[in-house]
Amino acid sequence: MLPPWNEHGPRAALRSDGALPAWQLALEEPTNRERGLMLREAISTTHGGAIRFAWARGDVSLFPTAELRRAITDAIEIDGPASLQYEPAEGYLPLRAWIAAHLRAAGIDLDDEDVVITSGA
C-alpha cells in the first residue's frame, strides 16, 4: 500500500503502473472544461494592457515582511498563544479600543463597542 504522499505532494502517490490508487481516484473532482477555460481567460495578461482583477496576485516584493514579522512577534509576546486563535467576530478588542480613541480625538462620539473590524478575501 502506498502512502497518501511522497516528496511531490499528496497527488503524486502513483502505483507502479503510473495510475493513481483507487482511494485517490475517489477523491478526484470531475474535470469541468468550461471552468478551466474561464479561469485561464480570467488570469490571462494578453489583453492589450488591460488590468484583470479577476485573479488577484500582488507583487511579493512589496510585502512588508519585516514589519509583519515584528507585528507577529509583538502579538505573541503580548497576548501569548491566544494570539494564534480566531478573534471574536467584532474584531480584536485592543485594536477596536485604539481606533475608537483615535476617532474620539477627532471629535466623533462613540464607544469602543461601536467599532467593528472585519476581514475578507
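The numbers here are math on the coordinates, done by the rules we state, and not lab data. Remember, it's a predicted structure, so these values are computed and weren't measured experimentally. With ideal geometry, Cβ positions are generated from the backbone for all residues, glycine too; neighbour counts draw on all protein chains shown.
Taking Cβ atoms as reference points and 12 Å as the exclusive limit, the residues near His102 contribute a net charge of +1, counting Lys and Arg as +1 and Asp and Glu as -1. A protection proxy built from the mean count of other Cβ atoms within 10 Å ranks the segments 96-103, 84-91, most packed first, as 96-103, 84-91.
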